[in-house]
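S.K.: Below is the structure I would like to discuss, written out as structure tokens.
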Amino acid sequence: MTWLDLPADHPYGIHNLPYGVFSTDGAQPRVGVRVGEHVLDVAACAEQAGMESGAVWRAGSLNAFLAQGRSAWTAAREWLTEQLTNEAHRDCVESHLVPVAEVTMHLPIEVADYVDFYASEHHATNVGRMFRPDSEPLTPNWKHLPIGYHGRSGTVVVSGTDIVRPCGQRKPPTEPAPVFGPSARLDIEAELGFVVGGASRLGEPVPLADAGEHLFGVVILNDWSARDLQAWEYVPLGPFLGKSFATSISPWVVTMEALGAAHVRLPGQDPEPLPYLRGEPTADGAGTAYGLDISLEVEWNGTVVARPQFRDMYWSPAQMLAHMTVNGASVRTGDLFGSGTISGEEKDTRGSFLELSWSGTEPITLADGSQRTFLEDGDTVTLRAVAPGPHGALIGLGECTGTVLAAR
């Protein structure tokens, strides 16, 4: 229970309490926690309560807080819950609640390293069938390790940032040589992004059992993709300019603790992964290599065109983190890694327009009667996501939106 007047099914109820970075009236950005239709100025509230730790929340990113590690994250959540449920704290807290409509949201973290995975068997199979019709859709390594690539952290932007159509080399099938110009096959990828805290030491892998010490929370992530640039450049070293121009994330970071009720078992891994990727049983049945029951929707110019389900993913977040560091690579506070496109078996659960239009051969009809295969200038895409919370509560992840501008 809480003294806040919130509907039981509010996506930002007392069981959620996601972190973000906000500003008001030109003031410096600072850390806030979303509760209902308000943002709690956490630093101001903590300082009024006499907490020295409030200083980390006055920063313009979550990084200082992330660096404190799991014990501090847990203690902060317990303190916030106490402030928002105990009537004795009401007078102090209410003075630091700011209506959501009055705030500007910023990128919640200073992104250290950015890695994007390819963890959906359905997405990888669909792409393989389109690009390699005469071969097996999955490459031989796919079911043995979470495949990924290193992206460009400096082009991660917060939801609401416009996306300029990228230019680059592409080779149309009808042309004898590559040409240069704006991408003609601009796409999205509906993903989740995982925010990492608590740095590790170079040369020391993070075992799967310790992944929870570093996994702070989740954002919605859109890996904007120029498919024609990507198709021409990706052999033999993988994605480069077709991916590096922009990645959008939602402004609210939903903590892993808030998603406890969303743990589910993975769909099944065959063959069994190597020992360093194997999870252990847990009381909730999901295991330490658990999946998450998070439902997304993809809206294109106001029309919902897909509803991907994260519970369909083959590889878990803990496995991705363990594999990312198994060679001794360190994690840094503020690291971000994407899940890869979230796609299911049914057409309406595909998380990219490449799949929804089957590489441009099956146009998608929007509510206004227009048809699309890939993105046109002026198009707006919004991703949303929710998860189940405890006792029937709803955990909202918010939305991640971007509008395409013409190439420059």
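Rule-based calculations on the coordinates, nothing more; no lab input. These figures come from a predicted structure and were not determined experimentally. Glycine also receives a Cβ, built like all others from the backbone with ideal geometry; neighbour counts cover every protein chain displayed.
S.K.: Which of rounded, prolate or oblate describes the stretch 302-408 when judged by the alpha-carbon gyration tensor and an a/c cut-off of 1.5? All intermediate terms of the calculation are to be shown ahead of the outcome.
M.R.: On the way: a/c = 1.87, a/b = 1.53, b/c = 1.22.
Cα axes put the stretch 302-408 in the prolate bin.
S.K.: What is the packing order of peptides 5-16, 321-332, taking the mean over residues of other C-beta atoms within 10 Å and listing the highest first? Show your work: numbers first, answer last.
M.R.: Working: 5-16: 16.2, 321-332: 19.0.
Ranking, from highest mean packing down: 321-332, 5-16.
S.K.: Let me ask something else about it. Which of C400, C167, C92 comes first, and how do the rest follow, when ranked by fewest Cβ neighbours within 10 Å? Before the final figure, lay out the partial values.
M.R.: Values: C400 28, C167 16, C92 13.
Taking fewest neighbouring Cβ atoms as first place, the list is C92, C167, C400.
S.K.: How compact is the stretch 71-141 by the rule of thumb for globular proteins, expressed as Cα Rg over 2.2 N^0.38 Å? Write out the running numbers ahead of the final one.
M.R.: Values: Rg = 23.5 Å, N = 71, 2.2 N^0.38 = 11.1 Å.
Ratio of Cα Rg to 2.2 N^0.38 Å: 2.12.
S.K.: Moving to a separate point now. Using the Kirkwood formula on the Cα atoms of the stretch 266-350, what hydrodynamic radius do you get, in angstrom to one decimal? Numbers along the way, then the final one.
M.R.: Details: mean 1/r = 0.0678 Å⁻¹.
With all distinct Cα pairs of the stretch 266-350 included, I get 14.7 Å.
S.K.: If a/c stays under 1.5 just call it rounded; otherwise compare a/b with b/c (prolate if a/b is bigger, oblate if not). Do that for the stretch 208-273, with a ≥ b ≥ c from the square roots of the Cα gyration tensor eigenvalues. Provide the component values of the computation, followed by the final result.
M.R.: Values: a/c = 2.71, a/b = 1.53, b/c = 1.77.
Oblate is the answer for the stretch 208-273, as a/c is 1.5 or above yet b/c matches or exceeds a/b.
S.K.: Starting with the highest mean, order 151-159, 110-118, 197-205, 360-368 by the number of other Cβ atoms within 10 Å, averaged over the residues of each peptide. Provide the component values of the computation, followed by the final result.
M.R.: Working: 151-159: 17.9, 110-118: 21.0, 197-205: 16.1, 360-368: 12.1.
The densest-packed peptide leads the list: 110-118, 151-159, 197-205, 360-368.
S.K.: Using all C-alpha to C-alpha distances in the stretch 3-90, build P(r) with 10 Å bins and read off the rounded percent in each one.
M.R.: Going from the shortest bin to the longest, the percentages are 16, 51, 30, 3.
S.K.: Working from Cα positions, state the angle (0 to 90°, nearest 10) between the long axis of helix 70-85 and the longest principal axis of the chain.
M.R.: The angle comes out at about 60 degrees.
S.K.: Compute the Rg/Rh shape ratio of the stretch 114-405: radius of gyration over Kirkwood radius, all on alpha-carbon atoms. Let's see the in-between values first.
M.R.: Numbers: Rg = 18.5 Å, Rh = 19.4 Å.
With Rh from the inverse mean 1/r over Cα pairs, Rg/Rh is 0.95.
S.K.: At a 10 Å Cβ-Cβ cut-off, how would you order F337, F22, fewest neighbours first?
M.R.: On the way: F337 27, F22 24.
Result, fewest neighbours first: F22, F337.
S.K.: With the Cα gyration tensor of the stretch 1-148 giving a ≥ b ≥ c as the square roots of its eigenvalues, does the rule (a/c under 1.5 for rounded; else a/b larger than b/c for prolate; else oblate) give rounded, prolate or oblate?
M.R.: On the way: a/c = 2.63, a/b = 2.28, b/c = 1.15.
Prolate, since a/c reaches 1.5 and a/b exceeds b/c.
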